[in-house]
Amino acid sequence: MDFEEMMKNKFTISIVIIIIIAGAFAVYKFMTKRDESKTDSYPIYTKNEEIINITLYFGSEDSDEFIIESREIYKTKLSVNQAKQAILKLIEGPNNENASPVIPKDTKLRELYVENGHAYIDFSKEISENHPGGSKAESATIGSIVNTLIKNFSDIKDVQILVEGKVIDTLAGHIDIRQPFKETAEIKNKD
């Protein structure tokens, strides 16, 4: 084998290696790409599943009471996927004109999982950054999330709210959310 032929073979092998690496990288990027509008890489329900009714809790302009709305979700094998659907419905906002939305619409549900009765719900930063503020609005947001999860899903005993995967002090400066909530009576202003 002469020098020129050997160089051609090395060049060809180098090109093949580069193509293989580029292909592997493209496959990796495709496989790990995540749709930000979904909480998982698989659907949380299919439309051929049974429909069930749940209760959502929204704020009220006129009082500290919650306005209750019934919504339909799909009954899934995993109750955590039903809980995810409930929170997505809460983010969509109320149908009743007397009810107030409690979660900014551009907020994303990043993840929700339940472990030994403890629900961990992770929202995108918009829940805090775009929150209207005020202790009443903050209390309504927390109370609606906690009530919606605990009162609809018997396997959930308390709720820890996370933002971008982290425990933060408050959503908008008033209510301490560093600990999980068992019920709305626990919602207190931050000291």
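The values are calculated or read from the model by the stated rules, or taken from the named source; none is laboratory data. Keep in mind it's a predicted model, so treat the numbers as computed, not measured. Heads up, the Cβs are rebuilt from the backbone with ideal geometry, glycines too, and the neighbour counts pull from every protein chain shown.
Things to note:
- Note on the stretch 111-123: residues that are surrounded by fewer than 18 Cβ atoms within 10 Å (Cβ to Cβ) and in contact (Cβ under 8 Å) with a residue 24 or more places away in the chain total 5.
- If you go through the stretch 71-109 and keep only what is under 22 Å from Thr46 (Cβ atoms), outside any helix (DSSP H, G or I) and touching a strand residue (DSSP E or B) at 6+ places or on another chain (Cβ under 9 Å), you end up with Arg71, Glu72, Ile73, Tyr74, Lys75, Lys108, Leu109.
- Some residue of the stretch 56-63 being in a strand (DSSP E or B) and either at pLDDT below 80 or surrounded by fewer than 10 Cβ atoms within 10 Å (Cβ to Cβ) (or both): no
- Test: residue in the stretch 134-144 that is within 23 Å of Ser63 (Cα to Cα) and in a loop (DSSP other than H, G, I, E, B): yes
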